[in-house]
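A.B. asks: I have a structure I would like to understand better, so I am pasting it below and will then ask my questions one at a time.
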Amino acid sequence: MKKELLADKQVVAVVCNQWGDTGKGKLVDLLSEWADYIVRGTGGANAGHTIVVNDKKFAFHLIPSGILYDNLGKINVIGRGVAFDPKILIEEIYILEKNGLQVHNLLISHEAPLVLPYHLLFDRYSDRSEKVGTTGRGIGPLYSDYVSRNSLFVNDLLNPEIFKEKLTKYVESKRIILNSMNKEVAEKILSHKHLLNGFFFNKDTIIDFDKVVDLYTKEYSEKLRPFIENTSKVVKQARKNGSKILLEGAQGTLLSIDYGTTKYQTSSDCAIEGLAKGCGLKEKDVDYVFGITKAFFMTRVGNGPFPTELGGKKSEEYCDSSQTKNDEETNYANKLEEMLHSNDEFEKGIAIRMQGNEYGATTGRTRRVGWLDLVALKYAMQINGPNLTLTKVDVLTGLDKIKICTDYTYQGKEIDYAGRSLKTGSTIKEFPRFSEILYNCEPVYEEFPGWTEDITKIKNYGNLPENFKKIISFIEEYTGGSIDVISVGPEREQTIFR
Ligand code: GDP
Ligand code: IMO
Ligand code: MG
């Protein structure tokens, strides 16, 4: 790793400028060599962060991506902003142990809100009509309980009486909702392995209160007790002491509850402010933000507007129809090359997805694929800052031309927007986060010739193809940002520091 970029930094953050899955896990793992503390502050097990070390793949959901450095004494922290699901963490620790990695230096915030089985059920049940396409990890229902002051916390795991008392109160209102559910649908959801095949539910009492209390306050509590801490205090102190701190973002700014594309969002602020707060720090404490940006394409998993999607609505519907990686391999592997050069954008999208292995690390879903959108990127940079880390740039090698979106043309009905009239046919240069507008935005593109050279082994910026560097200059000029890091493959060493 090039040390200059980090030489004068103490707190750095990895944040996604798009809709997630941009390679945050890879960057965090790489930067963990430098850091003393690696801290997650937002989201929960909806995240899927993939790390590849010597061809071996790890996919983490809740545990910070610095965990592979636990044996070097690096401290991994699950901060106060995280939607904490004890079952998932215990599974992750178990998988690490099976791989010969013991977890010693993990800290879990005593203040993190606790995911309970009914959150998973509500999430899956309510995401059927007007579908967002959630990950089904209970995130929305848990954060809803948090803001309506009905959530339990990690600290409650340690106090069975308090846990019981709170759950008794909260569970009554849950029973009313559960009672009104379509039983057949609910039972089908309950049979899912994440809900332990209905273990916590019971035909007569609906939620099996005793089983929840037992498992959470005995088994989970016993396993996790050694890790539970006031992590905000620890992280603040570490900063005072001069330790190096790496904040690991989850999701992406365009999914943020505060900044994302309305309705089709997650339920925490996964941009820099939310991340810092969820880690126990402030945004001003962060010395440098790695604004992770997939290039020169981008992806979105789940529903919602995506102006530059290759194949548009057809692609959104196709990806929503339970296509899997296996289906695509069976159907298209023999014509991948032809599809990559196809003039049909829907086909090209499938080929880029296959080339980039764009299938969800958490749900296995096909990720929707589109061209890089600079209107959206500029918006995210206003929130997260000017420093960009481009990832997955190797995926488009061999394409004749690369399209980059610079503006939108509004094609919807005339409406009022931010106190002004938005007319059909008008040009939009500033990202409107309202989905009803974005769904009616047609991208305007600038086209660039591609490159054919294999770039996956290049170590120095100067050795990248000229056509590639022209696109880099264009993005920097257009956004006013600085592309400081370029990732040319999933492995640690496939990273160029400029
Ligand atoms: P995250 O959620 O942001 O951590 O990203 P994911 O792990 O969900 O998805 C990123 C995927 O791209 C993972 O499979 C990574 O191993 C892989 N990846 C990361 N950086 C690169 C890169 O530069 N090139 C390629 N080809 N793959 C990458
Ligand atoms: P990482 O950290 C990509 C998306 C879901 C859905 C919406 C709401 O791996 O980048 P939720 O389960 O959070 O209520 O789902 O947000 N989503 C992600 N998309 N990467 C993620 O995390 C995501 N986490 C949530 O697909 O559209
Ligand atoms: Mg991911």
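The values are calculated or read from the model by the stated rules, or taken from the named source; none is laboratory data. This is a predicted model, so every value here is computed, not measured. Quick reminder, even Gly has a Cβ in these numbers, built from the backbone with ideal geometry, and neighbours come from all protein chains shown. Heavy atoms of the whole protein, side chains included, go into the accessibility calculation; ligands, DNA and RNA do not. Shrake-Rupley method; radii C 1.70, N 1.55, O 1.52, S 1.80 Å.
A.B. asks: Please go through the range 432-460 and pick out each residue that is open to solvent by 80 Å² or more (accessible area, probe 1.4 Å) and in a loop (DSSP other than H, G, I, E, B).
C.D. replies: Residues satisfying the conditions are F434, Y439, T452, E453, D454, K457, K459, N460.
A.B. asks: So which of L106, L68, L96 ends up being of a type outside the set (D, E) and either open to solvent by 20 Å² or more (accessible area, probe 1.4 Å) or assigned by TED's automatic domain parsing to the domain that holds S321 (or both)? Give the steps one after another, and end with the answer.
C.D. replies: Details: L106 fails: either open to solvent by 20 Å² or more (accessible area, probe 1.4 Å) or assigned by TED's automatic domain parsing to the domain that holds S321 (or both); L96 fails: either open to solvent by 20 Å² or more (accessible area, probe 1.4 Å) or assigned by TED's automatic domain parsing to the domain that holds S321 (or both).
Among L106, L68, L96, only L68 is of a type outside the set (D, E) and either open to solvent by 20 Å² or more (accessible area, probe 1.4 Å) or assigned by TED's automatic domain parsing to the domain that holds S321 (or both).
A.B. asks: When only residues in the range 236-273 that are aliphatic (A, V, I, L, M) and in a loop (DSSP other than H, G, I, E, B) count, which is farthest from K74 (Cα to Cα)?
C.D. replies: I257
A.B. asks: Right, K223: open to solvent by 90 Å² or more (accessible area, probe 1.4 Å), within 16 Å of H110 (Cα to Cα) and in contact with a helix residue (DSSP H, G or I) (Cβ under 6 Å, 6 or more places away or on another chain) or not?
C.D. replies: yes
A.B. asks: Same structure again: Go through D29, D85, D21, D8 for me and flag whichever is acidic (D, E) and more than 15 Å from ligand 2 (Cβ to nearest atom).
C.D. replies: After applying the criteria, what remains is D8.
A.B. asks: Which one of E91, E130 is part of a helix (DSSP H, G or I) and either within 16 Å of ligand 1 (Cβ to nearest atom) or surrounded by fewer than 24 Cβ atoms within 10 Å (Cβ to Cβ) (or both)?
C.D. replies: Numbers: E130 fails: part of a helix (DSSP H, G or I).
Going through E91, E130 in turn, the sole match is E91.
A.B. asks: So if I check each of V82, V39, which one is part of a strand (DSSP E or B) and crowded, with 24+ Cβ neighbours inside 10 Å? Give the steps one after another, and end with the answer.
C.D. replies: Values: V82 fails: part of a strand (DSSP E or B).
Every option except V39 fails the conditions.
A.B. asks: Mind listing whichever residues of the range 42-64 are more than 7 Å from ligand 1 (Cβ to nearest atom), assigned to a loop (DSSP other than H, G, I, E, B) and either surrounded by 24 or more Cβ atoms within 10 Å (Cβ to Cβ) or of a type in the set (S, T, N, Q) (or both)?
C.D. replies: T42, G43, G44, A45, N46, N54, L62, I63, P64
A.B. asks: For the range 133-159, what are the residues that are open to solvent by 10 Å² or more (accessible area, probe 1.4 Å), within 21 Å of Y216 (Cα to Cα) and of a type in the set (G, A, S)?
C.D. replies: Within the range 133-159, G140, S144 meet the criteria.
A.B. asks: Restricting attention to the range 475-494, does a residue exist that is outside the structural domain of H49 (by TED's automatic domain parsing), aromatic (F, W, Y) and surrounded by fewer than 17 Cβ atoms within 10 Å (Cβ to Cβ)?
C.D. replies: Yes, because at least one residue in the range 475-494 is outside the structural domain of H49 (by TED's automatic domain parsing), aromatic (F, W, Y) and surrounded by fewer than 17 Cβ atoms within 10 Å (Cβ to Cβ).
A.B. asks: Out of the range 191-217, which residues are open to solvent by 20 Å² or more (accessible area, probe 1.4 Å), part of a helix (DSSP H, G or I) and either among the polar types (S, T, N, Q) or in contact with a helix residue (DSSP H, G or I) (Cβ under 8 Å, 6 or more places away or on another chain) (or both)?
C.D. replies: H194, L196, N197, F209
A.B. asks: Would you check which residues across the range 383-421 are assigned to a strand (DSSP E or B) and either acidic (D, E) or within 16 Å of ligand 3 (Cβ to nearest atom) (or both) and list them?
C.D. replies: T389, T391, D407, D416 - these are the residues of the range 383-421 that are assigned to a strand (DSSP E or B) and either acidic (D, E) or within 16 Å of ligand 3 (Cβ to nearest atom) (or both).
A.B. asks: Of the residues D204, D258, which single one is modelled with pLDDT under 95 and either away from ligand 1 (no atom under 16 Å from the Cβ) or at negative phi (or both)?
C.D. replies: D204
A.B. asks: Among the residues of the range 363-382, which ones are open to solvent by less than 30 Å² (accessible area, probe 1.4 Å), β-branched (V, I, T) and within 14 Å of ligand 3 (Cβ to nearest atom)?
C.D. replies: Result: T366, single match.
A.B. asks: Still on this structure: Return yes or no: is K401 within 30 Å of R498 (Cβ to Cβ) and either assigned by TED's automatic domain parsing to the domain that holds T22 or open to solvent by 50 Å² or more (accessible area, probe 1.4 Å) (or both)?
C.D. replies: It is true that K401 is within 30 Å of R498 (Cβ to Cβ) and either assigned by TED's automatic domain parsing to the domain that holds T22 or open to solvent by 50 Å² or more (accessible area, probe 1.4 Å) (or both).
A.B. asks: Being within 26 Å of the chain's Cα centre (by Cα) and either in a loop (DSSP other than H, G, I, E, B) or among the basic types (K, R) (or both) is the requirement here; does G364 meet it?
C.D. replies: Answer is yes for this residue.
A.B. asks: Being outside any helix (DSSP H, G or I), open to solvent by 20 Å² or more (accessible area, probe 1.4 Å) and not basic (K, R): is that true of T424 here?
C.D. replies: Yes.
A.B. asks: In the list K314, K348, K325, which residue meets the criterion of being within 16 Å of ligand 3 (Cβ to nearest atom) and either open to solvent by 20 Å² or more (accessible area, probe 1.4 Å) or not assigned by TED's automatic domain parsing to the domain that holds V52 (or both)?
C.D. replies: Exactly one of K314, K348, K325 is within 16 Å of ligand 3 (Cβ to nearest atom) and either open to solvent by 20 Å² or more (accessible area, probe 1.4 Å) or not assigned by TED's automatic domain parsing to the domain that holds V52 (or both), namely K325.
A.B. asks: How do the pairs read when you match residues in the range 25-49 that are at positive phi with residues anywhere that are of a type outside the set (D, E, K, R) and more than 10 Å from ligand 3 (Cβ to nearest atom), using Cβ under 8 Å and keeping only pairs 6 or more apart or on different chains?
C.D. replies: Pairs that qualify, where the first residue is at positive phi and the partner is of a type outside the set (D, E, K, R) and more than 10 Å from ligand 3 (Cβ to nearest atom), are G43/V82; G43/A83; G43/I139; G43/T266; G43/S268; G43/C270.
A.B. asks: Given the options L101, L114, L96, name the one that is among the aliphatic types (A, V, I, L, M) and touching a residue at least 40 places away in the same chain (Cβ under 8 Å).
C.D. replies: One residue alone meets the criteria, L114.
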